[in-house]
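The values are calculated or read from the model by the stated rules, or taken from the named source; none is laboratory data. Every value quoted in this text rests on a predicted model; they were computed, and no experiment measured them. Neighbour counts are summed over all protein chains in view; Cβ atoms, including those assigned to glycine, are modelled from backbone coordinates with ideal geometry.
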């Protein structure tokens, strides 16, 4: 898209939003009629994890439910480190944000009386998940918001470019360095702006098994970290326990709502293995279910989702997206069990932000999965991610609307990354394989130390900006996981299987601190005391 160069650089007074998922689209719409430049790596409506979300949005909108009960459920599964004020604030803003989405044309399911229909998902104490056609919430929301964005004159949409570096001066944002997506040899573009919103999504594609699109490779987290941003809770990665294992990358997702409707988890012997692991069985918190599935696979018994009795012939009508994925793989879920495995699904960590979505760098906001608000703690409650994205996107828009944004400064004479190189497919696969094997569902000291050393070396030696960004984020995750010598929420250490009460606090770290961990491990290959990443 070389013909976009002049268009990219013409309106430096715009607020620049990077990311075409739910947080980016919603923030752009909420900022209207203020001029916004929206940068999307993929064509709008594609490449965003939001569009793949099957569960829906958690909101206490049903009779008898309350935001306080919703917040209590969020806190209960968060491993003791949820910011309780943040969780309650998000729960209380859920209903207004749902009505915003309705106004933008999102066709949420309704019951026979015209009220919003709500479903049940794991670890929720009430039916409070708002859906679209059973399992199509993400796609429907992104489609409606994409249409609204294209109709909004104040939003200038630039598709097909990725942000590869954040420009800063004296601790404040001055702009971005962009490059045409998929064309590392293209001439980079510098875009001046004193107000940048990163909404670039998560890190799932750093893992060999993931439910996330290829664009979810941690680039936004990496460019913020390299600019000096404070990073929160990077070790906490949620693995969805029921990715459909049919040889696809990324793996199709079998939504948790299936278990909410009565589907069960069985092994190859036909035993419901979750019954012995938690009182809620299949509706236990995701980290517990993921480890249960992982254990069955590790033992060679296999793991399967069984919806034959609970749904049967109703499967196609109730969950058309999952049904289509199964049929394409030669599985009829009405009559056959579905092979499953845990897969990287959601990152609770990210760029540390305050209640307004502000990062530690002046002029940089972050929303959606690239951010870490404290709402999820060590383990995200099902369907809270889309809610957090719209709540913080609206807060960011309000904060920017009430802020005096300085005029753009001059751009640097030299590029941050003068030349690009094609990503080395072997290096990418090595990184993804190591993340799954060493920084996955179950972790230990020696494997994490090996990962930290490897990712630090990859970051130093990468000739491709894509590989360097992936290695930067992988290093942050692995170093924080090595440093947290306990098990908490989605972070499970086989060598430290218990929670340590003294460590019931969030991680706040930087790329410099992660590099220090790597250097200490390079100097001393044998494990030693954890570095002080947790503060």
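Residue 322 satisfies every condition listed in (1) farther than 30 Å from residue 494 by Cβ; (2) out of contact with any strand residue (DSSP E or B) (no Cβ under 6 Å at 6 or more places or on another chain); (3) crowded, with 21+ Cβ neighbours inside 10 Å; (4) at pLDDT 95 or above except (4).
Out of all the residues in the range 261-283, which are touching a residue at least 60 places away in the same chain (Cβ under 8 Å), under 14 Å from residue 337 (Cβ atoms) and within 27 Å of the chain's Cα centre (by Cα)? Those that are touching a residue at least 60 places away in the same chain (Cβ under 8 Å), under 14 Å from residue 337 (Cβ atoms) and within 27 Å of the chain's Cα centre (by Cα): 265, 282.
Mind checking which residues of the range 502-523 are assigned to a helix (DSSP H, G or I), surrounded by fewer than 22 Cβ atoms within 10 Å (Cβ to Cβ) and touching a strand residue (DSSP E or B) at 6+ places or on another chain (Cβ under 8 Å)? The one that is assigned to a helix (DSSP H, G or I), surrounded by fewer than 22 Cβ atoms within 10 Å (Cβ to Cβ) and touching a strand residue (DSSP E or B) at 6+ places or on another chain (Cβ under 8 Å): 503. Residues in the range 284-307 that are without any contact (Cβ under 8 Å) to a residue 40 or more places away in the chain and more than 25 Å from residue 348 (Cβ to Cβ) were compared, and the one that is surrounded by the fewest Cβ atoms within 10 Å (Cβ to Cβ) is 300.
Please go through the range 288-316 and pick out each residue that is in a loop (DSSP other than H, G, I, E, B) and touching a strand residue (DSSP E or B) at 6+ places or on another chain (Cβ under 9 Å). The answer is 299, 301, 302, 307, 309, 310. For residue 393, the stated conditions hold: it is modelled with pLDDT of 95 or more, in a helix (DSSP H, G or I) and either surrounded by fewer than 24 Cβ atoms within 10 Å (Cβ to Cβ) or in contact with a helix residue (DSSP H, G or I) (Cβ under 8 Å, 6 or more places away or on another chain) (or both). When 499, 486 are checked against the criterion of being out of contact with any helix residue (DSSP H, G or I) (no Cβ under 9 Å at 6 or more places or on another chain) and assigned to a loop (DSSP other than H, G, I, E, B), a single residue qualifies: 499.
Give the residue that is surrounded by the fewest Cβ atoms within 10 Å (Cβ to Cβ), with candidates limited to residues of the range 120-147 that are over 18 Å from residue 24 (Cα atoms) and more than 22 Å from the chain's Cα centre (by Cα). The qualifying residue surrounded by the fewest Cβ atoms within 10 Å (Cβ to Cβ) is 125.
The residues listed here are 448, 381; of these, the one that is on the phi < 0 side of the Ramachandran plot, under 22 Å from the mean Cα position of the chain (by Cα), modelled with pLDDT of 95 or more and crowded, with 24+ Cβ neighbours inside 10 Å is 448. Checked against the criterion of being assigned to a helix (DSSP H, G or I) and at pLDDT below 95, the range 399-409 contains one or more residues that satisfy it.
Taken as a whole, the condition of being in the same structural domain as residue 16 (by TED's automatic domain parsing) and under 25 Å from residue 346 (Cβ atoms) applies to residue 127. Restricting 133, 194, 156, 97 to residues that are farther than 30 Å from residue 240 by Cα and in contact with a helix residue (DSSP H, G or I) (Cβ under 8 Å, 6 or more places away or on another chain) narrows the list to 156.
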